[in-house]
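The values are calculated or read from the model by the stated rules, or taken from the named source; none is laboratory data. These numbers come from a predicted model, not from an experiment. Note that each Cβ is placed from the backbone with ideal geometry, even for glycine, and that neighbours are counted across all protein chains shown. Accessible surface areas use protein heavy atoms only, side chains included; no ligands, DNA or RNA. Shrake-Rupley method; radii C 1.70, N 1.55, O 1.52, S 1.80 Å.
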Amino acid sequence: MKTKLILAAGTLIILGACNESKYELENLVPEQYHKVMYINNSGTKDLTLYNTGEDNTYNLSIYKGGSEPGLTANVNIGVLPQETVDSEYSLPEGINYKVISPECYSFETTQLSFASEERFKNVTVSINVPNVEKIMANNPEATCVLPLYIYSETDSINVNKDEVFLKITQVLTPTLGFTTTDLTYKPYTIGFTTETAEIDFGLDTDNKWDIDCLFEVDANYVDEYNAKNGTSFVALPDDCYSFEKSVTLASGVTTEKMVVTINGSSLQPIDYMLPVRLKEASLFEVSEKALYPLAIRIVGKEFDRSSWSITANTEEKSGEGVGNGVATSLLDGNINTFWHSQWQGGSINLPHELVVDVKEVVTFSHIGLTERQHAQYKDVKAGEFFVSSDKQTWTSVGKFKAEQVYENQIFPITPTKGRYFKIQITESNREQNSSLAEIYAYGIK
C-alpha cells in the first residue's frame, strides 16, 4: 500500500509538469487512490489520565489525502475488539492488554463525512476516569488500552495509519505545590528597607479552573530544620514580612507567583527563615511540595581590607610563580592570584590555618571565601571559623562546607566581636592541598 501511494504522488508531479498531457488522471492513478483516509496522530501512545471530576479528552485527527483530495469521503471510527488486540498486540509483545469497556469512553461522533473542500476533521474522545480506575483496579496485571481505528465502506484507508493504540499508563489526581522546595538564600545587605521575594507555585497539569490557594507560616518548621540539618536559622519576625494569605491560580495559568514583602529595617546580620506552607486549595490535593523554606541572609557590610594583614601556617613561597602561593595573595583584590599550601620540599598536613588581623574591633557576621579560579584545583572542601580579640583565645563561630564553584561563597557565623578571624581548613578536595583566591569578612562596626 505505502509503495503504491508514493507512486501515485509521483505521477501527480509528472502531470503537473505536463499541462498539455493527453492522458486522463484516472488512466494513471487507480481509482482507490484518488482519496485515502488516515489518522494523522496514529500509532501507539502512552496516556496519563487525571482524576479531575471531569472527563478527560483525547483529540483524534483524521485527514483526507490521495491523488484527488477534492473528492467527498466518508469514514467511521471504532474500537478494536479484545480478540483483535490479543492477536495483533498482546501475543506479539508479550503484554496483557485489556480493552476498556464502553462505559469508559464516548465519541463526539463515530461517522464523518468530508465535503470536497475539507481536508481534515478533529474528533473528541471523552474518557470517564473513575470507570477506567475501576477496571484498572480489577485487572492489576493488565495494561488498559483504548485501541481506536478508522474504516470505510466507500473509501480507501491507509492501513499504515489507521489506528491509535492508547495505552493508559496511570491515573493521577492533580496536585498543587511549590515549583521547588530547595533551600536557596535570598541575600540582602544590612540596613535595607523593603524588598520582595517571589515564590512559584502551581498545578501539575493544564489548569482549566480558578483555584483558590491558602498559605500560612509553619511556626514549628525552623526549629525542626535546625535540629535536622545542624543550622542556626532564626524565624523571621512577624512584623518583618507580609503576604497575601489567599492567592488564586486562574484558569489557563499553570504556575503563579506568591509575593512576600520583607521589611529589613530591624533585621540583624544573621540568617532568617520564613517557612511558607500551602495549607489547602479549593480544588484537588496539596502535593508533597507543600512547604517552601524562604531563607533570608542579612549580610553585614563588607569590611575594607586595605589595612589588613594575614599569616598562614603553610604557604608555597616559590613554586606557584610570582604573586602566587603566599597568603598575601588572598587580600590583593585579584581573584586570578591565589594562596597555596606548601608542597615543595614536603607538604604540611591538614588542618591549614589562615589568620587575619583587621586592625580594629568589629562584629563579624559572615566570612567570604573565593576558590582558586582553576577548572580542577578548587581545593578547599570544609573547615571552621574562629574569632579572637587578642589572637590568643579563639572562639569557634561556625563551620562551613564549600562548593567547587568560581563565585565568592559567603558563610554565616555567630555574630561575634573581635579583631582577628581565623580560617581553619579541615578537609580538602585534593589530598593535603589547600588553595584560595580571596577572602572577605562582613559585619558591623
Checking Asn324 against (1) more than 26 Å from Ser396 (Cβ to Cβ); (2) at pLDDT 95 or above; (3) open to solvent by 40 Å² or more (accessible area, probe 1.4 Å), which test does it fail? (3)
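Being closer than 22 Å to Ile262 by Cβ and among the basic types (Lys, Arg) is the filter here, so list the residues in the stretch 290-307 that pass it.
Arg297, Lys301
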Please go through the stretch 38-70 and pick out each residue that is part of a strand (DSSP E or B), of a type in the set (Gly, Ala, Ser) and crowded, with 17+ Cβ neighbours inside 10 Å. Gly65
So Lys317, is it within 24 Å of Gln432 (Cβ to Cβ), without any contact (Cβ under 8 Å) to a residue 60 or more places away in the chain and under 38 Å from the mean Cα position of the chain (by Cα): no
From Glu103, Glu83, Glu31, grab the single residue that is modelled with pLDDT of 95 or more, exposed (fewer than 13 other Cβ atoms within 10 Å of the Cβ), over 40 Å from the mean Cα position of the chain (by Cα) and not aromatic (Phe, Trp, Tyr). Glu83
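When you scan the stretch 183-193, do you find a residue that is of a type in the set (S, T, N, Q) and within 30 Å of Leu47 (Cβ to Cβ), even just one?
At the first step, the residues of the stretch 183-193 found to be of a type in the set (S, T, N, Q) are 184, 189, 193.
Add one more test, that the residue is within 30 Å of Leu47 (Cβ to Cβ), and what stays is none.
Among the residues of the stretch 183-193, not one is of a type in the set (S, T, N, Q) and within 30 Å of Leu47 (Cβ to Cβ), which makes the answer no.
Whether any residue in the stretch 197-207 is touching a residue at least 60 places away in the same chain (Cβ under 8 Å), touching an Asp or Glu at 6+ places or on another chain (Cβ under 8 Å), part of a strand (DSSP E or B) and more than 30 Å from Ile62 (Cα to Cα) is what I want to check. Walk me through how you get there before you give the answer.
Kept after step one, since they are touching a residue at least 60 places away in the same chain (Cβ under 8 Å), are these residues of the stretch 197-207: 197-199, 201, 203-205.
Remaining after also requiring touching an Asp or Glu at 6+ places or on another chain (Cβ under 8 Å): 201.
If we keep only those that are part of a strand (DSSP E or B) as well, we get 201.
Next, only the ones that are more than 30 Å from Ile62 (Cα to Cα) stay: 201.
Yes, that holds for at least one residue.
Regarding Asp271, is this residue in contact with a strand residue (DSSP E or B) (Cβ under 8 Å, 6 or more places away or on another chain), open to solvent by less than 40 Å² (accessible area, probe 1.4 Å), acidic (Asp, Glu) and touching a residue at least 24 places away in the same chain (Cβ under 8 Å)? Let's see the steps before the verdict.
Numbers: in contact with a strand residue (DSSP E or B) (Cβ under 8 Å, 6 or more places away or on another chain): yes; open to solvent by less than 40 Å² (accessible area, probe 1.4 Å): yes; acidic (Asp, Glu): yes; touching a residue at least 24 places away in the same chain (Cβ under 8 Å): yes.
Answer is yes for this residue.
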Is it the case that some residue within the stretch 121-131 is free of Cβ contacts under 8 Å to residues at least 40 places away in the same chain and either touching a helix residue (DSSP H, G or I) at 6+ places or on another chain (Cβ under 7 Å) or open to solvent by 50 Å² or more (accessible area, probe 1.4 Å) (or both)? yes
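Which one of these is in a strand (DSSP E or B), at negative phi and without any contact (Cβ under 8 Å) to a residue 60 or more places away in the chain: Val356, Val362, Val322, Val387?
Values: Val356 fails: without any contact (Cβ under 8 Å) to a residue 60 or more places away in the chain; Val362 fails: without any contact (Cβ under 8 Å) to a residue 60 or more places away in the chain; Val322 fails: in a strand (DSSP E or B).
None of the others qualify; the one that does is Val387.
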Pick from the stretch 184-197 the residues that are open to solvent by less than 50 Å² (accessible area, probe 1.4 Å) and not small (Gly, Ala, Ser): which of them is nearest to Met273 (Cα to Cα)? Tyr188
Filtering the stretch 391-413 for residues that are open to solvent by 80 Å² or more (accessible area, probe 1.4 Å) and assigned to a loop (DSSP other than H, G, I, E, B) leaves a count of 7
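If you take the residues of the stretch 150-169 that are in contact with a strand residue (DSSP E or B) (Cβ under 6 Å, 6 or more places away or on another chain) and among the hydrophobic types (A, V, I, L, M, F, W, C), which of them is most open to solvent (accessible area, probe 1.4 Å)?
Applying the first criterion (in contact with a strand residue (DSSP E or B) (Cβ under 6 Å, 6 or more places away or on another chain)) to the stretch 150-169 yields 150-152, 154-158, 161-169.
So of that shortlist, the ones also among the hydrophobic types (A, V, I, L, M, F, W, C) come out as 150, 157, 164-166, 168.
On the way: Ile150: 5, Ile157: 26, Val164: 1, Phe165: 4, Leu166: 2, Ile168: 7 Å².
Applying the filter and picking the extreme gives Ile157.
Counting just the residues of the stretch 307-321 that are hydroxyl-bearing (Ser, Thr, Tyr) and surrounded by fewer than 16 Cβ atoms within 10 Å (Cβ to Cβ), which one comes out farthest from Tyr377 (Cα to Cα)? Give the derivation first.
Here is the first cut: in the stretch 307-321, the ones hydroxyl-bearing (Ser, Thr, Tyr) are 307, 309, 311, 314, 318.
If we keep only those that are surrounded by fewer than 16 Cβ atoms within 10 Å (Cβ to Cβ) too, we end up with 307, 309, 311, 318.
Working: Ser307: 29, Ser309: 25, Thr311: 22, Ser318: 18 Å.
Among residues in the stretch 307-321 that are hydroxyl-bearing (Ser, Thr, Tyr) and surrounded by fewer than 16 Cβ atoms within 10 Å (Cβ to Cβ), the one farthest from Tyr377 (Cα to Cα) is Ser307.
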Hey, any hits in the stretch 334-350 for a residue that's surrounded by fewer than 20 Cβ atoms within 10 Å (Cβ to Cβ) and in contact with a Phe, Trp or Tyr (Cβ under 6 Å, 6 or more places away or on another chain)? no
Just give me the residues in the stretch 371-404 being under 28 Å from the mean Cα position of the chain (by Cα) and within 23 Å of Ser232 (Cβ to Cβ), in sequence order. Lys381, Phe400, Lys401, Ala402, Glu403
Which one of Val259, Val234 is under 15 Å from Ile298 (Cα atoms) and open to solvent by 40 Å² or more (accessible area, probe 1.4 Å)? Val234
When you scan the stretch 217-236, do you find a residue that is in contact (Cβ under 8 Å) with a residue 40 or more places away in the chain, among the charged types (D, E, K, R) and part of a strand (DSSP E or B), even just one? no
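Can you say whether Ile367 is outside any loop (DSSP other than H, G, I, E, B) and open to solvent by 10 Å² or more (accessible area, probe 1.4 Å), as far as the supplied structure shows? Let's see the steps before the verdict.
Working: outside any loop (DSSP other than H, G, I, E, B): yes; open to solvent by 10 Å² or more (accessible area, probe 1.4 Å): no.
It is false that Ile367 is outside any loop (DSSP other than H, G, I, E, B) and open to solvent by 10 Å² or more (accessible area, probe 1.4 Å).
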Looking at the stretch 414-434, which of the residues that are among the hydroxyl-bearing types (Ser, Thr, Tyr) and either part of a strand (DSSP E or B) or closer than 17 Å to Trp308 by Cβ (or both) is nearest to the chain's Cα centre (by Cα)? Ser428
